[in-house]
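Chemist: One structure is given below, represented as structure tokens, and several questions about it will come after.
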Amino acid sequence: MGVQCHVVIPARYQSVRLPGKPLADICGTPMIVRTAQQAHRAKPLDVIVATDDERVVEVVAEAGLEVMLTDPNHPSGSDRVMEVVETRGWPDDAIVINVQGDEPLIPPAVIRQVAGILESHPALDVATLCEPIHDKHSVFDPNVVKVVFGSDGMALYFSRAPIPFARGHFSTSEPESAVLPAQAQWWRHIGIYGFRIAALRRFVELSVGRLESVEALEQLRMLEHGIAIHVDEASESVPGGVDTPEDLDHARRALGSG
């Protein structure tokens, strides 16, 4: 059974650590095509790749998937998603899911999960996911974004820092000596977002906030301006995205190329 949402996959061609990332080969299929195919398995209303490069347009179209060439000057993937929304004329109460273009292993179930949160809770405007962190390295890794949320499931803060900071167990100068207390829990933020389009429009019209500037996390712009974000634990484990050559090797192994 399908879900009543649109999926847009922003895909910027240039990447500092992995040039031409959307077209990186994974077992004979470009990464952006694999990501779009995974999104299609969630059975949304449609799946559209939004890119800044004709090479990506050509590859995605050849795979028989929808793609749109968008403004190369967009500052973020969210702005690229909004261009698709405006072009398609989707109404303010519709749901759009922003799936990152470097997630070739994303389970379709989590796309359905994010859409389902907004479908079943009309008062919510933005939803995202997290999963537990069990290893000390990830808690202190600034590339692993942490989230803390209240008992109502609403996000309190996102950070690259080890939040919550376990006083008496962590040392600011020697993270390797830290001990994860059994009674505490850390959560990795998974970079998938579901928006009611009215909330997405408000978000992209906001100026970059102070917190976002410090942490380089655009979701902090929402919190700083009072846009609430609901956080749910992912129904399935979500592998990390592809940011480095090592991540690409991991994705290839996971999909069977060895």
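Chemist: Quick check: residue separation of residue 55 and residue 93 times 0.36 nm, minus the Cα distance between them. What number comes out in nm? Mind dumping the intermediate values first?
Modeler: Details: separation 38, 0.36 × 38 = 13.68 nm, distance 3.31 nm.
Here the answer is 10.4 nm.
Chemist: Take the chain, connect every pair of alpha-carbon atoms lying under 10 Å apart with a spring to form a Gaussian network, then pick out the residue of 218, 83, 205 with the largest mean-square fluctuation.
Modeler: Looking only at 218, 83, 205, the largest GNM fluctuation is found for 205.
Chemist: To continue, here is another question. What does the extension gain come out to for residue 205 and residue 152, with contour length at 0.36 nm per residue minus their alpha carbon separation?
Modeler: The span from residue 205 to residue 152 would gain 16.3 nm if fully extended.
Chemist: So, counting K/R as plus one and D/E as minus one, what does the shell of residues with Cβ under 9 Å around residue 241 add up to? Let's see the in-between values first.
Modeler: Values: positive: none; negative: 102, 103, 243, 247.
Local net charge: -4.
Chemist: For residue 156, what residues show an amide H to amide H distance below 5 Å, using hydrogens built from the backbone and excluding near sequence neighbours?
Modeler: Here 148, 149, 150 satisfy the definition.
Chemist: Relative to the longest principal axis of the C-alpha atoms of the chain, give the angle of the C-alpha long axis of helix 31-40, reported between 0 and 90° and rounded to the nearest 10°.
Modeler: 90 degrees
Chemist: Under a 10 Å cutoff between Cα atoms, tell me which one of 214, 147, 242 has the largest fluctuation in the Gaussian network model of the chain.
Modeler: 214
Chemist: Taking Cα centroids, how far is the range 204-240 from the range 47-99 in Å?
Modeler: Result: 20 Å between the Cα centres.
Chemist: Tally the DSSP beta bridges in the chain and give the antiparallel ones as a percent, rounded to 5. Write out the running numbers ahead of the final one.
Modeler: On the way: 20 of 37 bridges.
Beta bridges within the chain, antiparallel portion: roughly 55 percent.
Chemist: Sticking with this one: Give me the angle, in degrees from 0 to 90, between the Cα long axis of helix 108-120 and the longest principal axis of the Cα atoms of the chain, rounded to the nearest 10.
Modeler: 80 degrees
Chemist: Out of 150, 240, 209, any idea which swings most in a Gaussian network model of the chain, alpha carbons joined below 10 Å?
Modeler: Greatest mean-square fluctuation among the candidates belongs to 150.
Chemist: So, one more: Using only Cα atoms, find the angle between the long axis of helix 77-88 and the longest principal axis of the chain, and express it within 0 to 90 degrees, rounded to the nearest 10.
Modeler: Its long axis makes an angle of about 30 degrees.
Chemist: Once amide H atoms are built 1.01 Å from N in the peptide plane, which residues 5 or more positions from residue 133, or in another chain, come under 5 Å H to H?
Modeler: Distant-sequence amide H within range of residue 133: 186, 187, 188.
Values in this text are rule-based calculations from the coordinates and carry no lab data. All of these numbers come straight from a predicted model, not from anything done at the bench. Every residue, glycine as well, gets a Cβ built from its backbone with ideal geometry; the counts of neighbours run over all protein chains shown.
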